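Structure first, commentary second.
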Amino acid sequence: MENLTAIELDPTNVAVAVEGIYAELPYLLGVVQWEQISTEFEDTQLQLKSSQDEVRKMRLAAKLVGLLAPHEAARRRLQEALQALDVRRATLLAVAELAEQVGHETAVAAALRQAASQPNRGETRLVIVSAGGTQAKSIKLGNLRLDYGAAAEFAAGVLAMIHSIVSDETPLLLAAGALLLLRGLEKMTTVGLSEREATVFWGCAQASDEEKMAKENKILWHANRERARVGLKPLTVSELKNALFNLAQLRCVQRNPELDGIWQIREHYLK
């Protein structure tokens, strides 16, 4: 399979991803072709779950990937599930690092890292919502309702995991998770994200009005109030503008071309 990273090919990730897409395989391969490999596939899947030998687990994981590789629809679906696990892991690890930067106790960061190392089967799927399908879920953040489109269920699961660990005391960590998820899903890893962007995005969520517009001075006020609460230095106007530029690159916000110092906050991200 092309473009798969070492993280994605981890035997645990393969086992979780395969379990997540298992019910779809007869449809993805076609009933006849699925029947031709199903016995071997299921036997390999069981062996991978029960094996304690790391080398053997790598071989079994590679075999499962190889069985699906000739079938384009199944191959793409497995790759999607594996990439989702990679995004989830990267997001949780980055939020753990940020938790330490804002003075959280080590236990919070450790819990986030532990969650990253043990994928939750309920969070691995990037759900594709058909035109006539169920409405995508939105995620509440301050005055915003973030909609990740086809990835909504996946994003909601990851953010729920973050929230369960960090609680309501540090909303900027949830804001950071929302941004990191978007960056990972859009494969925009060159866009810089730090506690600065997280607090500015939280400021946007707090400052936005009913039309999802926010003035720079209000964004800065809300961002710096949250930063003061967690022991971070206040941002300058220049730092605010730099953070808004990065958020604009992620397409989270856009400058209002008609009103100086006004930003439109976007709630709908992925199609």
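The values are calculated or read from the model by the stated rules, or taken from the named source; none is laboratory data. From a predicted model like this one, the values you see are computed outputs, not experimental measurements. Every residue, glycine as well, gets a Cβ built from its backbone with ideal geometry; the counts of neighbours run over all protein chains shown.
Residue-by-condition table, conditions (1) of a type in the set (D, E, K, R); (2) surrounded by fewer than 15 Cβ atoms within 10 Å (Cβ to Cβ); (3) modelled with pLDDT of 95 or more; (4) within 28 Å of the chain's Cα centre (by Cα):
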residue	(1), (2), (3), (4)
GLU2	yes, yes, no, yes
THR5	no, yes, no, yes
VAL14	no, no, no, yes
ILE21	no, no, no, yes
GLU40	yes, yes, yes, no
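For the range 243-253, what are the residues that are touching a Leu at 6+ places or on another chain (Cβ under 9 Å) and either hydrophobic (A, V, I, L, M, F, W, C) or more than 21 Å from GLY177 (Cβ to Cβ) (or both)? Listed by number, the residues that qualify are ALA243, LEU247, LEU250, CYS252, VAL253. Among the residues of the range 217-255, those that are part of a helix (DSSP H, G or I) and among the β-branched types (Val, Ile, Thr) comprise ILE219, VAL237.
Residues of the range 9-61 that are aliphatic (A, V, I, L, M) and not in a helix (DSSP H, G or I): LEU9 alone. Taking first residues from the range 39-59 that are without any contact (Cβ under 8 Å) to a residue 40 or more places away in the chain and on the phi < 0 side of the Ramachandran plot and partners that are among the aromatic types (Phe, Trp, Tyr) and loosely packed, with under 14 Cβ neighbours inside 10 Å, the Cβ contacts under 8 Å between residues at least 6 apart in sequence or on separate chains come to GLN45/TYR22. Scanning the range 181-197 for residues that are in a helix (DSSP H, G or I), over 20 Å from ALA160 (Cα atoms) and of a type outside the set (Asp, Glu) gives a single hit, ARG196.
For the range 235-267, the set of residues classified as of a type in the set (D, E, K, R) and in contact with a strand residue (DSSP E or B) (Cβ under 8 Å, 6 or more places away or on another chain) consists of ARG255, ARG266, GLU267, listed by residue number. Does TRP221 count as without any contact (Cβ under 8 Å) to a residue 24 or more places away in the chain and aromatic (Phe, Trp, Tyr)? Judged against the criteria, TRP221 is a match.
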